[in-house]
Amino acid sequence: MVTLADIREARSHLEGITVRTPLIALEYDGHTLYLKPENLQPIGAFKLRGAYNKIASLTDEERARGVITYSSGNHAQGVAYAARALQAKAIIVMPRNAPAVKREATAALGAEIVFVGPSGPERQIKAEELAAEHGYIIVPPYDDEKIIAGQGTAGLEILEDLPEVELVLVPVGGGGLISGISTAIKLSKPSVKVIGVEPELAADAQASFRAGEIVKFPPEQVLSTCADGLRAQYVGTMTFEHIRRYVDDIATVTEDEIMQTVRVLAQNPKTVAEPSGAVATAAFLFHREQLPASNHTVAVISGGNIDPDLLRRIRS
């Protein structure tokens, strides 16, 4: 399990690399929500925190061998950015249906891209094969202590910037972000409630949380959500243990609620969110009465790498 010391060590690695994203107040329907805009990170998403911490923690010999990961987009960019900064070769296994904006951004950061089919297991298997063949170091998207600790640095910032926080809403895909944030918060201020949020169409984390064991969803179901960054078929073994220990509950939102929230957030250039990044805010906007009572709530915008055409349609 990741400790508070691990997260603090990660923060020391990230100094001068990641942005300390500010909390931005959103007034909606007579209520105030504080947004944690990870869309303002250099790669447009929180994933840089974990990716950089992982690669920075490798030995010089390991970095010289090169790193490899499997990702639909934001983690791919995080690994590519971190590897370039640390002068390591990066190979990214991506699904062919990954959003063009994410494919192009990853390539622009100098990574070598290998394309496979749409399922998560397929790209993981390919990455493991290439790692075994060439000696690359695998940088997992979420199921890794260094990744979780890096993501947890966002939780430390929330507590420091809003000490009176009572509720934190966090998107859930594979579980790395909520594992890190919930660990940082619960080990620092246990009274704060941490709620995960995911699309109804990809609610495997909620099903796992309710069942007390990891539940896997079929790929054709999770692929149907517009939140492409949250299409994990199941949470990781390590992340699930953190979720079970530190997360209070997991809520879900509909596709329509996600897109309406993207539209609301797009009104401010600093809070533009891709669908995956909007789910936590959607829970507050549409399901506030079902959430724990709170006078000071934070919702994490996990990413803002939205397709430009979609953003134009939403804003028009």
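The Stokes-Einstein estimate for the stretch 37-177, based on a Kirkwood radius over Cα pairs and taken at 20 °C with 1.002 mPa s viscosity, is a diffusion coefficient of 140 µm²/s. Here the Gaussian network model covers the chain, with springs between Cα atoms less than 10 Å apart; of Glu198, Glu289, Glu213, Glu289 fluctuates the most. Measure nothing but the geometry: give the 0 to 90° angle between the long axis through the Cα atoms of 255-265 and the longest principal axis through the Cα atoms of the chain, rounded to 10°. Orientation of helix 255-265: about 80 degrees from the principal axis. Only Cα pairs under 8 Å and 6+ residues apart enter the sum, and on that basis the relative contact order of the stretch 273-313 stands at 62 percent.
Taking the chain as a Gaussian network, Cα atoms linked when under 10 Å apart, which of Glu220, Glu241, Glu166 shows the biggest mean-square fluctuation? The residue that fluctuates most here is Glu220. Each of Asn97 and Glu200 was given a label point 7 Å from its Cα along the Cα-to-Cβ line. The distance between the two points is 2.0 nm. A helix-only calculation puts the chain at -13500 deg cm²/dmol for mean residue ellipticity at 222 nm, using -39500 (n - 2.57) for each DSSP H run of at least four residues, averaged over all residues. Build a GNM of the chain with springs between Cα atoms under 10 Å apart, and of His287, His13, His75 the one that fluctuates most is His287. Structure note, pairs Lys54/Lys89; Lys102/Lys216; Lys36/Lys193; Lys189/Lys270; Lys89/Lys126; Lys47/Lys270: Cα-Cα distances above 20 angstrom occur for Lys102/Lys216; Lys189/Lys270. Between the stretch 261-301 and the stretch 184-254, the alpha-carbon centres lie 17 Å apart.
If the segment from Val114 to Leu162 were pulled out straight at 0.36 nm per residue, it would be longer than the present Cα-Cα gap by 13.1 nm. Taking amide H as placed 1.01 Å from N in the peptide plane, Val93 has its amide H under 5 Å from the amide H of Thr69, Tyr70, Ser71, Val114, each at least 5 places away in sequence or on another chain. Among 276-282, 182-188, the peptide with the highest mean count of other Cβ atoms within 10 Å heads the list, and the full ranking is 276-282, 182-188.
For Leu35, nonlocal amide neighbours, meaning residues 5 or more places apart or on other chains whose placed amide H falls under 5 Å from its own, are Ile24, Ala25, Leu26, Ala299. Under the simplified labelling scheme, the Thr237-Gln290 pair shows an inter-label distance of 3.2 nm, with each label point 7 Å from Cα along Cα→Cβ. Remark: the Gln267-Glu104 segment gains 56.1 nm on full extension, using 0.36 nm per residue and subtracting the alpha carbon distance. Nearest 10 degrees is fine. How inclined is helix 4-14 to the longest principal axis of the chain, computing both from alpha carbons? With both axes taken from Cα atoms, the answer is about 70 degrees.
Taking 7 Å steps out from each Cα toward its Cβ at Ala25 and Ile138 produces label points 4.7 nm apart.
Compared with the dominant Cα axis of the chain, that is its longest principal axis, helix 275-287 is turned about 20°. Only one of [x] -0.23; [y] -0.32; [z] -0.38 was calculated from the structure for log10 I(q)/I(0) by the Debye sum over Cα atoms at q = 0.07 Å⁻¹, and its label is [x].
Taken together, the values in this text are just the output of simple stated rules run on the coordinates, not laboratory data. Treat the numbers as computed from the prediction; the structure is a model and nothing was measured. Quick reminder, even Gly has a Cβ in these numbers, built from the backbone with ideal geometry, and neighbours come from all protein chains shown.
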